[in-house]
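Q: Sharing a structure with you now.
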Amino acid sequence: MVGLGTMGAGIAQVSVQSGHETVGREISDELNERARTTIDRYLSRAVEKERMSQADRDEALGRLSLTTSLDEFADCDLVIEAIVEELEPKQELFAELERVCRPDTILATNTSALSVSKIAQATTRSERVIGMHFFNPAPVLPLVEIVRNEQSSDEAVDAAYRWAERAGKQPVRCNDTPGFIVNRVLIPLLNDCVRVLDEAGVTPEDLDKAMTNGAGWPMGPCALLDLVGIDIHVHASEALHAALGEARMAPPERLVEMQRAGKLGRKSGEGFFSY
Ligand SMILES: NC(=O)c1ccc[n+]([C@@H]2O[C@H](COP(=O)([O-])OP(=O)(O)OC[C@H]3O[C@@H](n4cnc5c(N)ncnc54)[C@H](O)[C@@H]3O)[C@@H](O)[C@H]2O)c1
């Protein structure tokens, strides 16, 4: 697992919990330890709630080794990348991974909005490069979009699909189109919801009440945006707008202003609601 931030730590947890020896790599020892602490906290909470035994927790944590060097990936069958959402660093990383890993290693990116094909172009073996798009929080949400780039081999796609299934996830196959499946639908839909607030003079409380009680949504759109993070949504929205050019894809001004003001949702303590 390369990158142990919000997503990478969660995916590493999924990996060790499903029995895989897992190498995690951050850019400093401090960030590595932060990730270990996060994973430890989630597993220990599962023990407290009697959803996991102490022995299983200890074994799972024992499968995690941490490093700041990519050389440790030489023996890995599958490498999943979850570093910063920018093309250049991802391409640099994939070129480096190709140098370090075995020729048959599957290289997967957790990108939300970048082209998997463009990331794969940094290597000479695009057939082994795929997307594995987990959802936040990765240990909790079951979906993994297994993304086929134009050159991905059936073997690589099938192996990633089976890996996700064995990890207790619900994988789906999709192609390397902007937003894949869920974000292609959800991002413009959430943007519409936010536009309704101002166009129709509705409060966030009432919008959420309307969508949960009238449309059967498990969570209101404003609560969902606060959970996802306003900055994450705006970034993905801009990328989708750039790729598809539809006005609905562009982030509504209200969200851009919230981002500018540091109202990022749950993580900043303030978004549509206070936390
Ligand atoms: N947060 C989400 O809701 C979400 C959901 C699905 C997919 N994603 C995708 O997952 C990826 C990671 O997102 P995140 O939210 O976990 O980000 P994050 O900022 O929490 O974590 C990124 C980590 O990568 C490390 N990193 C940054 N640049 C690096 C580099 N050049 N080389 C190596 N490591 C580097 C950082 O130290 C950081 O810990 C992105 O591609 C993002 O689009 C995010």
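We did not get these values from a lab; they are worked out from the coordinates using the rules stated. In this text, all values refer to a predicted model and were calculated from it rather than measured experimentally. Using ideal geometry, Cβ is built from the backbone for each residue, glycine included, and neighbour counts are taken over all protein chains shown.
Q: What value in Å³ per residue do you get for the convex hull of the alpha-carbon atoms in the stretch 38-174?
A: Numbers: hull volume 15.6 nm³, N = 137.
Taking the convex hull of the Cα positions in the stretch 38-174, it is 114 Å³ per residue.
Q: Another question, if that's okay. Using the eigenvalues of the Cα gyration tensor, what equivalent ellipsoid semi-axes result for the chain when each is taken as the square root of five times the eigenvalue, whole Å, largest first?
A: Values: eigenvalues 207, 111, 56 Å².
Semi-axes from the Cα gyration tensor: 32, 24, 17 Å.
Q: Nearest 5 percent is fine: what portion of the DSSP beta bridges confined to the stretch 98-232 is antiparallel?
A: Details: 5 of 14 bridges.
So the antiparallel bridges in the stretch 98-232 amount to around 35 percent.
Q: Report the Stokes-Einstein translational diffusion coefficient (µm² s⁻¹, integer) for the stretch 97-202, Rh taken as the Kirkwood radius over Cα pairs, at 20 °C with viscosity 1.002 mPa s.
A: Numbers: Rh = 14.9 Å.
Reported coefficient: 144 µm²/s.
Q: How would Thr105, Thr67, Thr203 line up from fewest to most surrounding beta-carbon atoms within 10 angstrom?
A: Working: Thr105 20, Thr67 14, Thr203 11.
The fewest-first ordering by Cβ neighbours comes to Thr203, Thr67, Thr105.
Q: Oh, and also: Helix 6-17: angle to the longest alpha-carbon principal axis of the chain, degrees 0 to 90, nearest 10?
A: 50
Q: Would you mind working out the magnitude of the charge dipole of the chain relative to its Cα centre, with +1 at each Lys and Arg C-beta and -1 at each Asp and Glu C-beta, to the nearest 20 Debye? Before the final figure, lay out the partial values.
A: Numbers: 29 positive and 44 negative charges, 104 e Å.
It comes to approximately 500 debye.
Q: Another question, then. Please go through the residue pairs Lys90/Lys267; Lys209/Lys267; Lys169/Lys263; Lys118/Lys263 and name each one whose alpha carbons sit more than 30 Å apart in this structure. List each step's numbers first, then the result.
A: Values: Lys90/Lys267 25 Å; Lys209/Lys267 22 Å; Lys169/Lys263 32 Å; Lys118/Lys263 32 Å.
Flagged as over cut-off: Lys169/Lys263; Lys118/Lys263.
Q: Only sites in a loop by DSSP and with at most 13 other Cβ atoms within 10 Å count here; which trypsin sites (Lys or Arg not before Pro) in the stretch 16-64 make the cut? Walk me through the numbers on the way to the answer.
A: Details: sites: Arg25, Arg34, Arg36, Arg41, Arg45, Lys49, Arg51, Arg57, Arg63; in loops: Lys49, Arg51, Arg63.
Sites meeting the loop and neighbour criteria: Lys49, Arg51.
Q: What whole-number distance in Å separates the alpha-carbon centres of the stretch 230-248 and the stretch 150-224?
A: 14
Q: Got a sec to turn the phi values of the stretch 126-142 into Karplus ³J(HN,Hα) couplings, 6.51 cos²θ - 1.76 cosθ + 1.60 with θ = phi - 60°, whole Hz, x for Gly and Pro?
A: 4, 5, 9, 9, 9, x, 10, 9, 8, 10, 8, x, 4, x, 9, 7, x
Q: From the Cα trace of the stretch 1-59, what convex hull volume per residue do you get, rounded to a whole Å³? It would help to have the intermediate numbers written out before the result.
A: On the way: hull volume 4.3 nm³, N = 59.
Spelled out: Cα convex hull of the stretch 1-59, divided by residues, is 72 Å³.
Q: Counting other beta carbons within 10 Å of each Cβ, put Tyr161, Tyr275 in order, fewest first. Show your work: numbers first, answer last.
A: Numbers: Tyr161 18, Tyr275 11.
Taking fewest neighbouring Cβ atoms as first place, the list is Tyr275, Tyr161.
Q: Here is a further query. Rounded to the nearest 5, what % of the DSSP beta bridges within the chain are antiparallel ones?
A: Numbers: 7 of 26 bridges.
In the chain, DSSP labels about 25 percent of beta bridges as antiparallel.
Q: OK, next. How large is Rg over Rh for the stretch 154-275, taking Rg from the Cα atoms and Rh as the Kirkwood inverse mean of 1/r across Cα pairs?
A: Working: Rg = 16.4 Å, Rh = 15.8 Å.
Rounded to two decimals, Rg over Rh is 1.04.
Q: Of Trp217, Trp163, how do they rank once you tally other Cβ atoms within 10 Å and put the fewest first? All intermediate terms of the calculation are to be shown ahead of the outcome.
A: On the way: Trp217 15, Trp163 23.
Least crowded to most crowded, the residues run Trp217, Trp163.
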